[in-house]
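One structure, pasted below without further comment.
The values are calculated or read from the model by the stated rules, or taken from the named source; none is laboratory data. Quantities reported herein were computed from a predicted structural model and do not represent experimental measurements. All Cβ positions, even for glycine, are placed from backbone atoms using ideal geometry, and neighbour counts span all protein chains on display.
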Amino acid sequence: MTNSAAAPTGTIDRALRIVETLASQPGGMPLAALADELELPRSACHRLLSELQRCGYVRQVREHGDYALTTKLASVGLGYLGASGIVDIAQPIIDRLAETSGELVRLALVDGDRLTFVAKAQGARFGLRYDPDMGIDVRLSCSAGGHAWLMTLSEERATELVARQGFGEPKAYGPKAPTTFKALMRVLEEDRKRGFSVMSEMYAPGMSAMAAPVQRRNEAAIGVITVAGPLVRLTPQRMLQLGDAVLAAAGELALASTTSPLFARRRGTR
């Protein structure tokens with residue numbers, strides 16, 4: 001990263017790849033391991049880390065030790081979401097659905113070709129609490145949120161998005177995760193008939209989830225609202241019982257979205 005306005009795209013791309021890699025390693029990574037994973041020369045990786053450190057986004061865990069992200073990046077993201085009004089709009093709706101369902105409720109926003117979790121509420125008061133990290137991009141092929149978005153798109157567009165992201169390694173997801181486009185399209189067709197997605201042990205063993213798209217009539221989905229929890233509590237029957245509540249929350253979010261510039265920027269025709 002340089003002060004030049006004509007900084008090479010490759011340099012920016014490398015710096016962002018470093019940030020994204022360190023985001024999944026809160027304990028930090030040694031220079032050699034980071035350079036090897038990103039297939040970068042160690043000298044180039046060190047220069048980029050030094051620039052990121054100078055800008056306050058990276059620190060060394062100890063002198064000459066592993067490199068880790070600081071909280072500056074999280075602060076920037078939270079500031080952005082706060083200024084957009086998304087928290088004020090969505091949080092009360094998410095909180096109510098979490099109380100109704102007794103499970104984890106999350107909101108993910110569509111951003112180009114990506115779907116990213118930005119807000120959540122935990123409704124579980126006892127037992128297992130399912131609470132994956134926020135800020136991650138949703139795996140479209142085997143997540144309730146991904147299916148809720150894909151079901152609003154044409155088969156061609158849905159296939160394009162999944163092909164670009166990939167199905168991932170089967171061992172990293174649940175035993176019932178679709179691994180072919182034919183299987184995925186069959187699931188999406190059932191979701192469309194129902195109006196919301198439902199899945200058991202697709203994203204993770206022993207876990208289930210459901211989701212509904214946040215969209216107004218004749219407009220593209222701007223996000224999805226999901227409910228997720230352990231299969232022993234969030235059974236297929238229970239998810240069907242919660243269908244009306246999830247759809248109502250999605251509808252409420254769609255109506256309220258006009259007051260947020262973050263939502264409005266994502267609005268468009270289908």
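Which residue pairs have Cβ atoms closer than 8 Å, lie 6 or more positions apart in sequence or on different chains, and pair a first residue in segment 199-217 that is within 11 Å of residue 236 (Cβ to Cβ) with a second residue that is aromatic (Phe, Trp, Tyr)?
210/196
Please work out which one of (1) touching a Leu at 6+ places or on another chain (Cβ under 8 Å); (2) under 29 Å from residue 180 (Cβ atoms); (3) at pLDDT below 95 is the condition residue 147 fails and give its number.
Residue 147 satisfies all of (1) touching a Leu at 6+ places or on another chain (Cβ under 8 Å); (2) under 29 Å from residue 180 (Cβ atoms); (3) at pLDDT below 95 except (3).
Quick one: how many residues across segment 33-78 are surrounded by 12 or more Cβ atoms within 10 Å (Cβ to Cβ) and either out of contact with any strand residue (DSSP E or B) (no Cβ under 7 Å at 6 or more places or on another chain) or assigned to a helix (DSSP H, G or I) (or both)? Walk me through it before giving the result.
Restricting attention to segment 33-78, the residues satisfying the condition of being surrounded by 12 or more Cβ atoms within 10 Å (Cβ to Cβ) are 33-38, 40, 42, 44-53, 55-61, 65-70, 72-74, 77-78.
Checking which are either out of contact with any strand residue (DSSP E or B) (no Cβ under 7 Å at 6 or more places or on another chain) or assigned to a helix (DSSP H, G or I) (or both) leaves us with 33-38, 40, 42, 44-53, 55-56, 65, 72-74, 77-78.
Summing the residues that are surrounded by 12 or more Cβ atoms within 10 Å (Cβ to Cβ) and either out of contact with any strand residue (DSSP E or B) (no Cβ under 7 Å at 6 or more places or on another chain) or assigned to a helix (DSSP H, G or I) (or both) in segment 33-78 gives 26.
Is there a residue being at pLDDT below 95, in contact with a Lys or Arg (Cβ under 6 Å, 6 or more places away or on another chain), part of a loop (DSSP other than H, G, I, E, B) and buried (at least 24 other Cβ atoms within 10 Å of the Cβ) anywhere in segment 208-225?
Yes, the conditions are met somewhere in segment 208-225.
Mind checking whether some residue in segment 60-74 is at pLDDT 85 or above, among the polar types (S, T, N, Q) and touching a Leu at 6+ places or on another chain (Cβ under 7 Å)?
No, there is no match, as no residue in segment 60-74 is at pLDDT 85 or above, among the polar types (S, T, N, Q) and touching a Leu at 6+ places or on another chain (Cβ under 7 Å).
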